[in-house]
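Before any comments, here is the structure.
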Amino acid sequence: ITADKAKELHEKGVVVVDARVANEYAEAHIKGAISVPYKEKSAKAADFDASQDSWDMSKLPADKNTSMIIYCNAGECWKSYKASKMAVKAGYKHVYWFRGGYPEWKSKGYPTE
């Protein structure tokens, strides 16, 4: 999804998940986002091997029908893509991958903290 769509969904109460490392989250993040860092060791490829990575899904909402937006730093950052794929595989039904991530959000002047 785009930054505009992410903002629209966020304003409707959709959970926003920051898949970046903890220190990036601490520096600045989308206002209200929860930090669930994706630890990536697999290749940056659509057919990545998720077993090489780690992501603490216990921090995600327990209800698999909860809508969520997952983002990272876009570009060379594959964390949000991989996290989105893993969330869907785990049974989450409403996962939005925010491809432009934090850089697109910030460039639009949307709320950060």
### Task
Of the numbered conditions (1) modelled with pLDDT of 95 or more; (2) open to solvent by less than 50 Å² (accessible area, probe 1.4 Å), ALA50 fails exactly one; give the number of that condition.
(1)
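Scan ILE30, ILE1 and give me the residue that is in contact with a strand residue (DSSP E or B) (Cβ under 6 Å, 6 or more places away or on another chain) and open to solvent by 30 Å² or more (accessible area, probe 1.4 Å).
On the way: ILE30 fails: open to solvent by 30 Å² or more (accessible area, probe 1.4 Å).
On inspection, the qualifying residue turns out to be ILE1.
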### Query
Can you tell me how many residues in region 53-94 are open to solvent by 70 Å² or more (accessible area, probe 1.4 Å), in a helix (DSSP H, G or I) and touching a residue at least 12 places away in the same chain (Cβ under 8 Å)?
3
## Note on the structure
For region 19-40, the count of residues that are part of a loop (DSSP other than H, G, I, E, B) and either at pLDDT 95 or above or β-branched (Val, Ile, Thr) (or both) equals 10
### Message
Condition (residue is of a type outside the set (Phe, Trp, Tyr), farther than 22 Å from PRO103 by Cβ and assigned to a strand (DSSP E or B)) applied to region 10-18: is it met by at least one residue?
### Response
no
### Message
Any residue at all in region 55-68 that's in contact with a strand residue (DSSP E or B) (Cβ under 6 Å, 6 or more places away or on another chain) and over 24 Å from LYS5 (Cβ atoms)?
### Response
no
#### Entry: Test result for VAL14, touching a residue at least 24 places away in the same chain (Cβ under 8 Å), open to solvent by less than 30 Å² (accessible area, probe 1.4 Å) and not polar (S, T, N, Q)
yes
### Query
Within region 95-113, can you find the residues that are of a type outside the set (D, E, K, R) and in a loop (DSSP other than H, G, I, E, B)?
PHE98, GLY100, GLY109, TYR110, PRO111
#### Entry: Members of region 33-47 found to be surrounded by 12 or more Cβ atoms within 10 Å (Cβ to Cβ) and either charged (D, E, K, R) or within 13 Å of the chain's Cα centre (by Cα) (or both), listed by number
ALA33, ILE34, SER35, VAL36, PRO37, TYR38, LYS39, GLU40, LYS44
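The values are calculated or read from the model by the stated rules, or taken from the named source; none is laboratory data. Everything numeric here is computed off the predicted structure, so don't read it as measured data. As a convention, Cβ positions derive from the backbone with ideal geometry for all residues, glycine included, and neighbour counts pool all protein chains shown. Ligands, DNA and RNA are excluded from the accessible area calculation, which covers all protein heavy atoms including side chains. Shrake-Rupley method; radii C 1.70, N 1.55, O 1.52, S 1.80 Å.
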